[in-house]
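Only one structure is covered here, and it is reproduced in the block below.
The values are calculated or read from the model by the stated rules, or taken from the named source; none is laboratory data. Given the structure is predicted, the values throughout are model-derived calculations rather than measurements. Here the Cβ is made from the backbone with ideal geometry for all residues, glycine too, and neighbour counts use every protein chain on show.
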Amino acid sequence: MNPVAGLDFIMLTLQIFLYFILVVLNVLDGVSTWKVVRPKHLYRERNPVARWIFAKLGLLPGILVAEFLWISTITLVVLLLGSLPVWGYIVLALLFIGIVIFTWIVLNNFKNWRGIRSRELAQKHGSGKENAKHA
């Protein structure tokens with residue numbers, strides 16, 4: 001087997017693997033954004049472009065459009081540049097950087113959602129105790 005062909009196969013396999021990880025992270029970004037921003041808390045979205053899209057299209061359509069555009073961009077970059085000799089390495093680096101960034105975003109979103117949910121539950125249970133005192 002040609003060593004260059006073997007290296008090309010490894011590069012392609014790694015690109016596909018990292019691509020799918022990044023796509024999964026983008027889907028998780030959409031889910032976690034929904035949890036943090038719904039129902040009407042657009043101010044919680046830190047990305048001004050995403051916040052603008054959500055304000056114009058509505059939250060769910062905005063998330064779907066934003067994720068579709070981002071995943072389409074990733075797909076085009078991988079398909080168009082991934083097979084070129086030098087660009088293959090650059091695509092790998094970009095995919096890895098994207099994974100690091102989106103892992104941080106998703107973890108942060110879920111951490112924020114957990115805090116929001118805890119506050120909501122505390123308020124719900126707190127107001128229930130007060131209502132019981134006044135009854």
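Of note:
- Candidates 65, 91, filtered to the one that is β-branched (Val, Ile, Thr), over 12 Å from the mean Cα position of the chain (by Cα), surrounded by 14 or more Cβ atoms within 10 Å (Cβ to Cβ) and modelled with pLDDT of 90 or more: 65
- Test for residue 30: is it surrounded by 14 or more Cβ atoms within 10 Å (Cβ to Cβ), out of contact with any Gly (no Cβ under 8 Å at 6 or more places or on another chain) and either acidic (Asp, Glu) or within 25 Å of residue 120 (Cα to Cα) (or both): yes
- Which listed residue, of 46, 51, is within 17 Å of residue 101 (Cα to Cα) and either at pLDDT below 95 or not in a helix (DSSP H, G or I) (or both): 46
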